[in-house]
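Participant: Below you will find the structure I want to go over with you.
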Amino acid sequence: MTAVLDVREAWKVYPGTPPVESVRGVSFTVERGELTTVVGASGSGKTTLLNLAAGLDRPTSGTIRIAGHPIENLSDRMLSGLRAHRLGVVFQRFHLLTHLSVTDNVAMGLLYRGVPAGLRRAAASEALERVGLSHRAGHRADRLSGGEQQRVAIARAVVGRPELVFADEPTGNLDSVSGAGVLELLGELNRDGTTIVVITHDAKVAAAGRRLIEMRDGRIVRDSGGTP
Ligand SMILES: Nc1ncnc2c1ncn2[C@@H]1O[C@H](COP(=O)(O)OP(=O)(O)O)[C@@H](O)[C@H]1O
Ligand SMILES: [Mg+2]
């Protein structure tokens, strides 16, 4: 079966004197249904790697396959389409449109799929139900607590039922109780069949993942599971 994500010898080098080698020859494969946690000190290359794996940035060298498609063969437009249909991303700073309603924020997750507005709103309601926020659907996003805003961001990421969801330190801006709730939610989504890659520097978060990948200085120094 085709892996959801395959990263082979990926490098990301930012030009400069000296150049910054943020990701240095990283390889790993994520199979459908996995919940993978990526840990590592600040500056170890986690976000850079996520940006490559999620097709938000292109590697300097190496191959990234998303659902079997090598992204280096895709135009920017095709890559955007692939991302819109198959991936969801959750960031540490929720990146909500604060003046819009919760429902409209979640519906934004379908904007690039050409789904008509009515269907976007219906799907948004369903996604809000999945994250336990139906009762906040009509509120402005900035009236919600941090934990609730992150749940909205997760609903936006999963509204199109993507195969793969990335979360980059999704609990980094939350208190421990809200953070635990967000992790619990990611676990539930995983049990429902969504493949998840979550980045964190929080040891407690790391324990929640089944597979643990540790990064140091741009390399994977430990991988508890997955394919060799
Ligand atoms: N756009 C960029 N230009 C130059 N260096 C960068 C850029 N983005 C990240 N870096 C560097 O790459 C390294 C890894 O950063 P990052 O991936 O954000 O690490 P982490 O998410 O693990 O904290 C850091 O040294 C950082 O300064
Ligand atoms: Mg980071």
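Participant: Conditions first: (1) modelled with pLDDT under 95; (2) in contact with a helix residue (DSSP H, G or I) (Cβ under 6 Å, 6 or more places away or on another chain); (3) small (Gly, Ala, Ser). Ser134 passes all but one, so which condition is the exception?
Facilitator: (1)
Participant: One residue is enough: does segment 67-80 have a residue meeting the conditions within 16 Å of ligand 1 (Cβ to nearest atom) and out of contact with any helix residue (DSSP H, G or I) (no Cβ under 8 Å at 6 or more places or on another chain)?
Facilitator: No, because not a single residue in segment 67-80 is within 16 Å of ligand 1 (Cβ to nearest atom) and out of contact with any helix residue (DSSP H, G or I) (no Cβ under 8 Å at 6 or more places or on another chain).
Participant: Residue check, Thr48 against (1) in contact with a strand residue (DSSP E or B) (Cβ under 7 Å, 6 or more places away or on another chain); (2) among the polar types (S, T, N, Q); (3) away from ligand 1 (no atom under 14 Å from the Cβ), all met but one. Which one?
Facilitator: Thr48 satisfies all of (1) in contact with a strand residue (DSSP E or B) (Cβ under 7 Å, 6 or more places away or on another chain); (2) among the polar types (S, T, N, Q); (3) away from ligand 1 (no atom under 14 Å from the Cβ) except (3).
Participant: Let me ask something else about it. Looking at Thr2, is it closer than 30 Å to Val131 by Cβ and part of a strand (DSSP E or B)?
Facilitator: For Thr2, the condition - closer than 30 Å to Val131 by Cβ and part of a strand (DSSP E or B) - is not met.
Participant: Within segment 163-178, which residues are surrounded by 21 or more Cβ atoms within 10 Å (Cβ to Cβ) and away from ligand 2 (no atom under 16 Å from the Cβ)?
Facilitator: Leu164, Val165
Participant: Which of the following residues is surrounded by fewer than 17 Cβ atoms within 10 Å (Cβ to Cβ), more than 16 Å from ligand 2 (Cβ to nearest atom) and touching a residue at least 60 places away in the same chain (Cβ under 8 Å): Gly68, Gly146, Gly81?
Facilitator: Answer to the check: Gly68.
Participant: To continue, here is another question. Considering segment 12-48 alone, what residues qualify as being within 16 Å of ligand 2 (Cβ to nearest atom) and assigned to a loop (DSSP other than H, G, I, E, B)?
Facilitator: Gly40, Ala41, Ser42, Gly43, Ser44, Gly45 - these are the residues of segment 12-48 that are within 16 Å of ligand 2 (Cβ to nearest atom) and assigned to a loop (DSSP other than H, G, I, E, B).
Participant: Related question: I need the full set of residues from segment 52-98 which are farther than 21 Å from Asn190 by Cβ, in a helix (DSSP H, G or I) and of a type in the set (D, E, K, R), in order please.
Facilitator: The answer is Glu72, Asp76, Arg77.
Participant: Scan segment 99-136 residue by residue and report those that are in contact (Cβ under 8 Å) with a residue 40 or more places away in the chain and assigned to a helix (DSSP H, G or I).
Facilitator: Across segment 99-136, the qualifying residues are Val102, Asn105, Val106, Ala107, Met108, Gly109, Leu110, Arg113, Arg130.
Participant: Assess whether Gly25 counts as being crowded, with 22+ Cβ neighbours inside 10 Å and either of a type in the set (Gly, Ala, Ser) or within 12 Å of ligand 1 (Cβ to nearest atom) (or both).
Facilitator: Judged against the criteria, Gly25 is not a match.
The values are calculated or read from the model by the stated rules, or taken from the named source; none is laboratory data. These figures come from a predicted structure and were not determined experimentally. We place every Cβ from the backbone using ideal geometry, glycine too, and count neighbours over all the protein chains shown.
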